Amino acid sequence: MLTQWNQLRNDGTLRSRAINAENPTGAPGSAGSASSLLGPGRKGSAWYQLPAGESVTLADISGPGVIRHIWMTVTDKSPAGPFVLRDVVLRAYWDGSAHPSVEVPLGDFFCNGFGERTLVTSEPIVVAPTGGMNSYFPMPFRAGARIELRSEHAGDLEHIFFQIDYTTGDDFDQWPGYFHAQWRRSNGTTAPGEDHVIVDGVVGSGCYVGTYVALASLHRYWWGEGEVKFYVDDDTDLPTLCSAGLEDYAGGAWAFQDALRAEPEPNTLTFSAPYFGYPFSSATDRTKASEFSTPMLAMHGLYRWHLPDPVYFQGKLRVAVQQIGAWDHGLFERSDDISTTAYWYQTTVNARFAALPPAARRAPR
């Protein structure tokens, strides 16, 4: 998928464009025109502001194209409190749709759940020091695209830095489908034996390309024995695909072993790889929002990109993960605080998602 839309070809039809605060429309020959104290064209409009309770449109593009790269950075806390990365929502709309195809808390989209920054080094998502969030998911559109941020944070955000790089003139003879991403949470509310639903209600044809999981452990012992299950097309009670366990799904093994140690700081076994990773593990609230931040619930962030091995579907798709733990006496059912982001493509814009919970119900435990 990424290779298809990132070929280094120049057949005379492709044009490169970029939208940021220095060129809000992406128009050719129009970047960097604002004046500063240094004079015209000298970094005069480097950011947007985002007042509490309001939205800001980052890009509003007319005509066909492909978003190739999104770079963004915001503060992860403000004088009004932490959790900016959960309080701000990223939305993307394709081809004039009235509802978004991407609706995810900003941090979670970039594999930074819990309202905390962590470094991520993978093929489609990179989070670099200090909070430079990058997406390389290609996002094609036929008639237009709109990307916005909505703040439900209690305080104003003074600096929204961003850049959206895209192309026009792309060949859509082999249409890959519209990019989608959705966030869901089971906040310790599922009954024992009830799976957390990662995504459901996907109707049409397409391919599933990735999952991010942010899990706060609400029970003792090992938390990741549950299998990730893909119900494809005509599947009913049983899925066509399932993993051997959550850490196995994320490319690890044997419960990450030393990751179970009760350390106040993140352990050394966290890792990022091109297609899978376990970049975050902590029992300390690094937002430092409270003097009571240590100790606390163990938090775990992991991702898996199905880019070399997409999960294809022709009619419908449902993805879920079991909440199963393990200890010396065997397996047991759990109900943890688990938030997930699903990433997929489909040939049509999917139906409207269920309403995103408000910021108070998205706040990390």
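Rule-based calculations on the coordinates, nothing more; no lab input. Values in this document were obtained by computation on a predicted structure and should not be read as measured data. All Cβ positions, even for glycine, are placed from backbone atoms using ideal geometry, and neighbour counts span all protein chains on display.
Can you list the residues, at least 5 places off or on another chain, whose amide H is less than 5 Å from the amide H of residue 41, using H built in the peptide plane?
Those qualifying (amide H under 5 Å, at least 5 residues apart or on another chain) are 34, 35, 36.
Compute log10 of I(q)/I(0) for segment 15-362 with the Debye formula, placing one identical point scatterer on every Cα and leaving out solvent, at q = 0.11 Å⁻¹, to two decimals.
-0.74
Arranged by the count of other C-beta atoms within 10 angstrom, fewest first, what order do 118, 75 take?
75, 118
Would you mind calculating the gained length between residue 329 and residue 158 on full extension (0.36 nm times residue separation, minus the Cα-Cα distance), in nm to one decimal?
Values: separation 171, 0.36 × 171 = 61.56 nm, distance 5.27 nm.
Going from the current span to full extension adds 56.3 nm.
With a point put 7 Å past each Cα toward its Cβ, work out how far residue 219 is from residue 16 in nm, to one decimal.
Between residue 219 and residue 16, the simple spin-label model gives 5.1 nm.
Near the amide H of residue 198, under 5 Å away, which other amide H atoms are found, from residues 5 or more places off or on another chain, if H is placed in the peptide plane?
319, 320, 321
If you build a Gaussian network model of the chain, linking Cα atoms that sit under 10 Å apart, which residue out of 285, 336, 309 swings the most?
309
What FRET efficiency would be calculated for the residue pair residue 49, residue 143, taking the C-beta separation as r and a Förster radius of 41 Å, to the nearest 0.05?
Values: r = 30 Å, r/R0 = 0.73.
That pair, residue 49 with residue 143, gives E of 0.85.
Can you give the extra length, in nm with one decimal, that the chain gains between residue 237 and residue 172 once fully stretched, where that is 0.36 nm per residue apart less the Cα-Cα distance?
Difference between extended and current length: 19.7 nm.
Placing unit charges on C-beta atoms (Lys and Arg positive, Asp and Glu negative, everything else neutral), compute the dipole magnitude of segment 113-271 about its Cα centre in debye, rounded to 20.
360
Where does each of 207-218, 130-141 land if you order them by average Cβ count within 10 Å, highest first?
207-218, 130-141
Within segment 162-179, name every residue whose backbone N is under 19 Å away from a label modeled 7 Å from Cα of residue 60 along the Cβ vector.
In segment 162-179, the label zone of residue 60 (backbone N under 19 Å from the point 7 Å along Cα→Cβ) covers 162-166.
When the dipole is taken about the Cα centre of segment 15-362, and only Lys, Arg (+1) and Asp, Glu (-1) are charged at their Cβ, what size is it in debye, to the nearest 20?
Using Cβ point charges on Lys, Arg, Asp and Glu, segment 15-362 gives about 960 debye.
Hey, in the GNM for the chain with a 10 angstrom Cα cutoff, which one of 158, 247, 148 fluctuates hardest?
It is 158.
Among 177, 62, 118, whose Cα sits farthest toward the positive end of the charge dipole of segment 15-362 (+1 at Cβ of Lys/Arg, -1 at Cβ of Asp/Glu, about the Cα centre)?
62
In segment 15-362, if the dipole is taken from +1 on Lys/Arg beta carbons and -1 on Asp/Glu beta carbons about the Cα centre, which of 343, 90, 223 is farthest to the positive end?
90
Fewest to most neighbouring Cβ within 10 Å: what's the order for 38, 302, 119, 149?
38, 119, 149, 302
What residues qualify as long-range amide H neighbours of residue 143, i.e. H under 5 Å apart, gap of 5 or more or another chain, H built at 1.01 Å from N?
HN-HN under 5 Å from residue 143: 95.
Please arrange 71, 183 by counting, for each residue, the other beta carbons lying within 10 Å of its beta carbon, fewest first.
71, 183
Putting +1 on Lys and Arg Cβ atoms and -1 on Asp and Glu Cβ atoms, find which of 44, 269, 196 reaches farthest to the positive end of the dipole of segment 15-362.
44
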